[in-house]
Amino acid sequence: MSRVYNFSAGPAMLPEEVLRQARDEMLDWQGSGMCVMEMSHRGKEFVSIAERAEADLRELMNIPDNYKVLFLQGGATGMFSAVPLNLLRGRTRADYVNTGAWSKKAIAEAGKYCQVNVAASGEASQFMSIPPRSAWQLSDDAAYLHYTPNETISGVEFHQVPEVGETPLVADMSSTILSRPVDVSRFGLIYAGAQKNIGPAGITVVIVREDLIGEARADTPMVWDFAKQAEADSMLNTPPTYGLYLAGLVFQWLKRQGGLEGMAEINRRKAEKLYRAIDDSDFYSNPVDPDCRSWMNVPFVLAKPALDATFLEEAKRQGLTTLKGHRSVGGMRASIYNAMPEAGVDKLIDFMRDFEQRNA
Ligand code: PMP
């Protein structure tokens, strides 16, 4: 068996220990005689798996008691609709910060349900920087302010949580959740698709302050009504049971890495060495404002784009895969989520130096 270092933006690598444990428990989960996939979601075995996953996530993120944790379906894209449906609470306006491709999709979807005020936009810098908080134009009557802490495609990340006063702050944390500690109490709602730092695709985590739910629009699909799902412990209907089990194994793995403080230290180191390698070279470049470069997604371009295909091919031969940049921006993108070992980043840097020497 030879596993590769997979730099995919998502679905992305999972920790090998987690995959091995899942393999070992595949046919008989802890003496139950069943695979987790075969269990009733209402049976005591699966209920214990779901409860432990929630408890571990609460511990990892230090989630206050007045927040509900939901495991839903529909991906982050589903939440682009579910957030306005649940959080408008009779209001007609919401503020959105536009920092790139994923913000834009959230804005377009919210526009079906309310007036969107784009409070700030990174467009003037081609989304290579984040507009300073002092330039944001917030509305007086916004139901919430939505932003995207990490733009997965352009590799632009907020390194601080913006201050927005009393307005509930909503964050699409799909590509940065669990990469470092965050103060959950600063947020009204956090959501994330699972397929980067949580587990396999299919689960969407929602963390929401209790007082914000219970006033969903009457036509909200019941599976996306946060209050109804909270009441049903996210089991209003059959949840993605196996995905939730794997997410639970990832949470246990994260605890073994020293929790989010431990993970942040590793992530910072991985990102810093990769950016340093890019900045130290005349052959590779990254156009993002150094103050908001992502720890998770590192796009870069070659000085000779004609060599892109050769670069990708040679990298792949060395077990460094899925480095091709998003189709909308071209070049390369190395996604280095929690499960990418530091050795994978080291190997990528060595390969990049060697490739440069042979081709510059
Ligand atoms: N938001 C962000 C920041 C993302 O990176 C992605 C997926 N790449 C999405 C939303 C969409 O997620 P999903 O495919 O789970 O709907």
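The values are calculated or read from the model by the stated rules, or taken from the named source; none is laboratory data. It should be emphasised that the depicted structure is a prediction, and the values quoted were computed from it without experimental measurement. Ideal geometry is used to build each Cβ from the backbone, glycine not excepted, and the neighbour counts take in all protein chains shown.
Here are the numbers for this structure:
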{"item": "The stretch 129-140, subset away from the ligand (no atom under 16 Å from the Cβ) and either in contact with a Ser or Thr (Cβ under 8 Å, 6 or more places away or on another chain) or of a type in the set (S, T, N, Q) (or both), residue nearest to residue 216 (Cα to Cα)", "result": "139"}
{"item": "Failed condition for residue 170, given (1) closer than 27 Å to residue 19 by Cα; (2) in contact with a helix residue (DSSP H, G or I) (Cβ under 7 Å, 6 or more places away or on another chain)", "result": "(1)"}
{"item": "Candidate set from the stretch 139-165 (those that are of a type in the set (Ser, Thr, Tyr) and part of a loop (DSSP other than H, G, I, E, B)); member that is farthest from residue 208 (Cα to Cα)", "result": "154"}
{"item": "Hits in the stretch 62-80 - residues which are of a type in the set (S, T, N, Q) and within 11 Å of the ligand (Cβ to nearest atom)", "result": "73, 77"}
{"item": "Search result, residues across the stretch 166-224 that are more than 16 Å from the ligand (Cβ to nearest atom), part of a loop (DSSP other than H, G, I, E, B) and among the polar types (S, T, N, Q)", "result": "167, 220"}
{"item": "Residue that is nearest to the ligand (Cβ to nearest atom) [pool: residues in the stretch 85-104 that are within 23 Å of residue 133 (Cβ to Cβ) and part of a helix (DSSP H, G or I)]", "result": "102"}
{"item": "Exclusive hit being modelled with pLDDT of 95 or more and among the aliphatic types (A, V, I, L, M), set 61, 1", "result": "61"}
{"item": "Verdict on residue 27 being surrounded by 15 or more Cβ atoms within 10 Å (Cβ to Cβ) and more than 30 Å from residue 128 (Cβ to Cβ)", "result": "no"}
{"item": "Enumeration of residues in the stretch 263-318 that are aromatic (Phe, Trp, Tyr) and not in a helix (DSSP H, G or I)", "result": "283, 284, 295, 300"}
{"item": "Subset of the stretch 260-285 that is within 16 Å of residue 332 (Cβ to Cβ) and among the small types (Gly, Ala, Ser) - its residue that is surrounded by the fewest Cβ atoms within 10 Å (Cβ to Cβ)", "result": "285"}
{"item": "One residue from 185, 175, 134 being farther than 20 Å from residue 289 by Cα, among the hydroxyl-bearing types (Ser, Thr, Tyr) and modelled with pLDDT of 95 or more", "result": "185"}
{"item": "Among (1) within 16 Å of the ligand (Cβ to nearest atom); (2) over 16 Å from the mean Cα position of the chain (by Cα); (3) under 22 Å from residue 221 (Cβ atoms); (4) among the hydrophobic types (A, V, I, L, M, F, W, C), the one test that residue 114 misses", "result": "(1)"}
{"item": "Residue 118 being in contact with a strand residue (DSSP E or B) (Cβ under 7 Å, 6 or more places away or on another chain), free of Cβ contacts under 8 Å to residues at least 24 places away in the same chain, of a type outside the set (S, T, N, Q) and more than 19 Å from residue 299 (Cβ to Cβ)", "result": "yes"}
